[in-house]
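Student: Sharing a structure here in structure tokens format.
The values are calculated or read from the model by the stated rules, or taken from the named source; none is laboratory data. Since we're looking at a predicted model, the values are computed, not measured. A quick note on method: Cβ atoms are made from the backbone with ideal geometry, for glycine too, and the neighbour counts reach across all protein chains shown.
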Ligand SMILES: [Zn+2]
């Protein structure tokens, strides 16, 4: 247990869990907003939300056929599909940008309309990008994880920088509650995506 007692309401620490054993487990969530929930349960499936997670894209049984079936069943943009935890677990805003850049696909492409070549490219990009991310994070101390993740990004969070693939500029467009980054030359046939934020206010 921490030697100092944390007084609720006085510090920006939202949660701290430290195991009183040799494991070295020490999880601290700082910040004034509550963006984290912690559960102590006997079975992982008892956690609300976990039971409704989609399949793990790195699992052995997540084959290209399974993925093709998921894509065909959803009339939505691939960007939204990839980061929907109830459809596929574990891919967030950052890695969905990366996967789509590797696959050379528009984030706004409709999942159900991808042709077989595009499905194969997306499947390969998804598996390889996530496997690489896991390998990079493996064994790293928690404090280095954020920098390691950011350093490995090709387009995500790199608006205005140079695309490592083609040299075009990395662009940004609004998506849902945030924004996404992509390369027009690599992903959208050289045509920048219309941004609802700017096109509404700027002419
Ligand atoms: Zn590019």
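Student: Please work out if residue 113 is closer than 30 Å to residue 61 by Cβ, assigned by TED's automatic domain parsing to the domain that holds residue 70 and within 16 Å of the ligand (Cβ to nearest atom).
Tutor: Considered against the rule, which asks whether it is closer than 30 Å to residue 61 by Cβ, assigned by TED's automatic domain parsing to the domain that holds residue 70 and within 16 Å of the ligand (Cβ to nearest atom), residue 113 comes out as no.
Student: Does residue 161 fit the bill of being at negative phi and surrounded by fewer than 17 Cβ atoms within 10 Å (Cβ to Cβ)?
Tutor: On the way: at negative phi: yes; surrounded by fewer than 17 Cβ atoms within 10 Å (Cβ to Cβ): yes.
Yes: the conditions hold for residue 161.
Student: Based on what the data block shows, is residue 63 farther than 18 Å from residue 179 by Cβ, out of contact with any strand residue (DSSP E or B) (no Cβ under 9 Å at 6 or more places or on another chain) and touching a residue at least 12 places away in the same chain (Cβ under 8 Å)?
Tutor: Considered against the rule, which asks whether it is farther than 18 Å from residue 179 by Cβ, out of contact with any strand residue (DSSP E or B) (no Cβ under 9 Å at 6 or more places or on another chain) and touching a residue at least 12 places away in the same chain (Cβ under 8 Å), residue 63 comes out as no.
Student: Another question, if that's okay. Every residue in segment 115-162 that is in contact with a helix residue (DSSP H, G or I) (Cβ under 6 Å, 6 or more places away or on another chain), without any contact (Cβ under 8 Å) to a residue 60 or more places away in the chain and over 30 Å from residue 26 (Cα atoms), please.
Tutor: Across segment 115-162, the qualifying residues are 119, 121, 122, 123, 125, 154, 155.
Student: Could you please let me know if residue 154 is within 16 Å of the ligand (Cβ to nearest atom), assigned to a loop (DSSP other than H, G, I, E, B), within 27 Å of residue 66 (Cβ to Cβ) and at pLDDT 95 or above?
Tutor: Taking the combined requirement at face value, the residue satisfies it.
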